[in-house]
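Below is one structure, written out as C-alpha cells, with a few remarks after it.
All of the numbers you see were taken from the coordinates with simple rules; none came from a lab. For clarity, every value in this text was computed on a predicted model and none was experimentally measured. Using ideal geometry, Cβ is built from the backbone for each residue, glycine included, and neighbour counts are taken over all protein chains shown.
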Amino acid sequence: MCNLYSLSKGQAAIREIASVWTDRTGNLAPQPAIFPDQSAPVIRVGDEGRELVMMRWGMPSPKVAVKNRRTDPGITNIRNLGSAHWRRWLGPEHRCLVPFTSFSEYRVEPDKSRTPVWFARGEDRPLTFFAGIWTRWTSVRKLKEGEIEADLFGFLTTEANAVVGAVHPKAMPVIFTEPEEWEAWLPGRSSDRVPMIRSTSSRRGGVRTRLGTDR
C-alpha cells in the first residue's frame, strides 16, 4: 500500500482549487516526502466551512492489531469499509481531502530488493486529492510522547488500475481528479452518501478513478 507521498504545491494552490475558507496550517512548506505518522495538510469541513489543517497520517488501528502492544502507529490505507472499526468514520462529518502531487509504491525486484516508483497525473505533477477520513483520537503513538490527543487521517484504497497495478497489483489509493468528485465527497455539497469508488484505466499515463454513488 502507499506509505509515501509528496506535496510540492503551496497552500495558496490548495485553497484555490478546493475552495478552502480557512487556512490553519501557518507557513506551509513543500513536503517532498510524507511518511506514516508525519503531519500533513488535510481539508475538512469545520464550523465555518472548509478548512485546511495539519493532521498526523495514520488512523486508529483495530484493537486486534495493537493487542499486547504499547503504541499504535496508526493505519494509513483503508480498504475494508465493511469492518465495524471503519464504518464509524464513513459519515460525512469524518470525510476529508488529502492533497498530493505524487505518490509512491515499491516495485519488488528479482533479488527481492524494493525500488520506489512514483505516480502522478502528469509530468508537471498537478495538485490532486486522495479520498480521506479523519478523527480526533487519544492514544500513544510513540513511547517518548506518551498519551496524546491528535487529529488523525488516512485514505481509502481501491482496485489498482493498469498503471499502478503493474507495480503494485493489490490496491491503490482512491484518487479524485475532477471537481465534481471532491465536491461530492465532502459534506454539505451534492451528496452526503458514501460514494462507491471504482478504478479505471489511466489517461496518458496518469492515475485516475471514477466516482459513483452508493444508494
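Straightening the chain between ARG79 and ALA65 buys 3.5 nm, computed as 0.36 nm per residue apart minus the Cα-Cα spacing. Counting every other Cβ atom within 10 Å of each residue's Cβ, LEU97, LEU143 order from fewest to most as LEU143, LEU97.
Computing FRET efficiency as 1/(1 + (r/R0)^6) for LEU143 and LEU4, where r is the C-beta to C-beta distance and R0 is 22 Å, gives about 0.40.
Taking only the alpha carbons of the chain, we obtain Rg and Dmax values of 16.7, 53 Å in that order. Considering only THR71, ILE14, PHE119, and ranking their Cα positions along the charge dipole of the chain that arises from unit charges at the beta-carbon of Lys, Arg, Asp and Glu, the one farthest toward the positive end is THR71. Here ASN27 and ASP151 are evaluated by their C-beta separation; at R0 = 25 Å the FRET efficiency comes out at 0.85. Ordering ASP37, ASP23 from the fewest to the most neighbouring beta carbons within 10 Å gives ASP37, ASP23.
Estimated at 0.36 nm per residue, the fully extended path between GLU109 and ARG88 surpasses their Cα-Cα distance by 3.7 nm. Given an 8 Å cut-off on Cα distances and at least 6 residues of separation, report the relative contact order of the chain as a percent. Normalised by residue count, the contact order of the chain is 20 percent. GNM on the chain, alpha-carbon springs under 10 angstrom: the most fluctuating residue among LYS170, LYS142, LYS112 is LYS112.
Using a cut-off of 26 Å between Cα atoms, the listed pairs LYS63/LYS170; LYS67/LYS144; LYS112/LYS144; LYS9/LYS112; LYS67/LYS142 include LYS112/LYS144; LYS9/LYS112 as exceeding that distance. Measuring max minus min along each principal axis, the C-alpha atoms of segment 124-174 give extents of 43, 23, 19 Å (largest first). Between the residues THR25, TYR5, HIS85, the greatest Cα displacement towards the positive end of the dipole of the chain, with unit charges on the Cβ of Lys, Arg, Asp and Glu, is found for HIS85. About its Cα centre, the chain has a charge dipole of approximately 700 debye under the convention of +1 per Lys or Arg Cβ and -1 per Asp or Glu Cβ, with nothing else charged.
Only helices enter this figure: runs of n ≥ 4 DSSP H residues, each worth -39500 (n - 2.57), summed and divided by the residues of the chain, yield -2500 deg cm²/dmol at 222 nm to the nearest 500.
Here the Gaussian network model covers the chain, with springs between Cα atoms less than 10 Å apart; of ILE43, ILE17, ILE78, ILE17 fluctuates the most.
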